[in-house]
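**Student:** Mind looking over this structure? Questions follow.
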Amino acid sequence: MDNTSFKIHDLKSQPILDTLWPTVINSLKSEVGVVAFKSWLTQLSLEGMQKNTIYLSLPSSFLIDWVVPHYGNKIEILFKRYFKETIRVKIILIKRETKKNSNKKELLDKNMTMDHTSPLDQRFRFEKFIVGKSNEFAFAAAKRVSESDKVFFNPLFIFGGVGLGKTHLMHAVAWDIMEKSPNRKVVYLSAEKFMYEFVRSLRFKDTMAFKEKFRSVDVLMIDDIQFIAGKDSTQEEFFHTFNSLVDQKKQIIISGDRAPSDLDGLEERLRSRLSFGVVGEVHKASYEMRLSILLAKSEETKEIKIDHKILEFLARKISSNVRELEGAYRRLIAHVELVNRPITLDTARQLLQDLLRANDRRITVEEIQKKVAEYFNIRLNDMVSIRRSRIIARPRQVAMYLSKTHTPKSLPEIGRLFGGRDHTTVMHAIKKVEQLCQLDSAFAEHIKTLKRSIGM
């Protein structure tokens, strides 16, 4: 946002500028695409010119913060096609005042028409989504919904923890539908915003306008449904909206942080409706998938290279969620751009020490036992049983070894957690695993894989 010192009436509206403005707008729409233009640029206004600077306006700081870095240069280039002298383009904040005599319905209609659909992020497309075992079902379901005008399952419910890709999938579906079927009316918004719009309709005593808007869509997408837990009136309205759209064979897509059955504070009938369609979980990304994400990011920033060992370090250490992982990568890229020096492993540790601390969780013996049992396909109870067959004893030795090397537990403590075994048994297990790692490269690779799966 530009802090300009002049008053708006000081700007001169030149005839040539007024004539060119529709041409510039049409060219801009053609270059960025109809969907992006509708999301970000429809409220762009021509204010006038002062000296060699053309001033445009937007009604919110949020829009300015997005439009300037993403479209500012493109807009300036379009104007420069028609001006011989050097010109600049600045986008300033101007909030249009509503007339005092405007009635409540006009206010409500204006706000809801402009604001009931949240902007979509251009980066969140299907082609930018890294698919792995942790998210392949949710991805496949989302693709199926986006590729067909028919409703195969209703609703599609995607759930998972923070920063694992739920919103990315939601945006990708919206982009895909709007580009393939521009006539279909797609509405995407958070559950918080849905509630906010509903409250506004109650305030202005015009709930019919609200009902018409949300019950006349082709695709309704609600993000973070858990927000309406405990909010009875909003749940009631959403329940009826949900039923109306299902009856019309319109598509509904919902995301949440937990499965529908685990959402506390929601009415039973609503939980039942949310569980009726297809439920896809987005799990935590594996080490391999985290590394794939970083390699994909590296392809996007070809001019700045981060050493592969550093990418492996990030993938291993930042395991909480993809959002933090991408944030760590962007931080390293920014450092290279600002300092103009390559990143070393020590530099990465220093720059990311806050994220590394947050992700450096304490690994428990119980967690190690569970992972090792799963890896070798034995029962968890076998870790503490008296069975001594090699098929059981070797995984148990591996679990003891990892417990000693990656937990603060003493040998006697580890022994007790493995069925009351003596500390000498634990010592023998550690030595045996160390020997096998030196003699057998395949066995050593198994240990590395296990460490990665546990987050070591």
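Nothing in this text is a laboratory measurement; each read-out follows from the coordinates by a stated rule. What you see is a predicted model; the values in this text were computed from it and never measured. In this analysis, Cβ positions are derived from the backbone assuming ideal geometry, glycine residues included, and neighbour counts consider all displayed protein chains.
**Student:** Would you work out the charge dipole size for the chain about its Cα centre, treating the Cβ of every Lys and Arg as +1 and the Cβ of every Asp and Glu as -1, and quote it to the nearest 20 debye?
**Tutor:** Dipole size: approximately 640 debye.
**Student:** How far, in nm, would the chain grow between Ser441 and Ser261 when pulled straight, counting 0.36 nm per residue and subtracting the alpha carbon separation?
**Tutor:** Stretched out fully, the Ser441 to Ser261 stretch lengthens by 60.2 nm.
**Student:** Here's a follow-up. Work out the FRET efficiency for Asn381 and Thr42 from their Cβ-Cβ distance, taking R0 = 51 Å, and round it to the nearest 0.05.
**Tutor:** 0.20
**Student:** Only Cα pairs under 8 Å and at least 6 apart count here; give the relative contact order of the chain as a rounded whole percent.
**Tutor:** Once divided by the residue count of the chain, the mean separation gives 11 percent.
**Student:** I'd like the per residue volume of the convex hull spanned by the Cα atoms of the range 365-454, given in cubic angstrom.
**Tutor:** 83
**Student:** Related question: Using amide H atoms built 1.01 Å from N in the peptide plane, name the residues 5+ places from Ile54, or on other chains, whose amide H lies under 5 Å from its own.
**Tutor:** Result for Ile54 returns Arg88, Val89, Lys90.
**Student:** Of Lys302/Lys451; Lys409/Lys431; Lys409/Lys451; Lys166/Lys309, which pairs sit farther than 24 Å apart, going by alpha carbon to alpha carbon?
**Tutor:** Beyond 24 Å: Lys302/Lys451; Lys166/Lys309.
**Student:** Between Ile87 and Lys448, what FRET efficiency follows from the Cβ-Cβ distance if R0 is 60 Å, with the result rounded to 0.05?
**Tutor:** With R0 = 60 Å, the Cβ-Cβ based efficiency is 0.50.
**Student:** Stretched out fully, how many nm does the piece from Glu268 to Ile391 gain, at 0.36 nm a residue minus the Cα gap?
**Tutor:** Full-extension gain reported as 39.6 nm.
**Student:** Listed highest first by mean packing, meaning other Cβ atoms within 10 Å per residue, what order do 187-196, 404-413 come in?
**Tutor:** Per-residue mean Cβ counts within 10 Å order the peptides as 187-196, 404-413.
**Student:** How far apart, in nm, are two points set 7 Å out from the Cα along the Cα-to-Cβ line at Asn243 and at Tyr196?
**Tutor:** Reported label-point gap for Asn243 and Tyr196 is 2.9 nm.
**Student:** Figure the gain on full extension for Thr23 and Ile94 (residue separation times 0.36 nm, minus the Cα-Cα span) and round it to one decimal in nm.
**Tutor:** 23.3 nm
**Student:** Taking all pairs of different Cα atoms in the range 312-385, averaging 1/r and flipping that mean, what Kirkwood radius in angstroms comes out?
**Tutor:** In the range 312-385 this quantity evaluates to 14.6 Å.
**Student:** Something else: Quick check on the exposure proxy: order Met170, Met221, Met427 from fewest to most C-beta atoms within 10 angstrom.
**Tutor:** Met427, Met170, Met221
**Student:** Would you pull out the residues with amide H under 5 Å of Ser190's amide H, same chain only if 5 or more places away, H placed 1.01 Å from N?
**Tutor:** Asp223
**Student:** Would you mind checking Lys128/Lys213; Lys297/Lys448; Lys180/Lys211; Lys284/Lys448 for any pair whose Cα atoms are more than 23 angstrom apart?
**Tutor:** Lys128/Lys213; Lys297/Lys448; Lys180/Lys211
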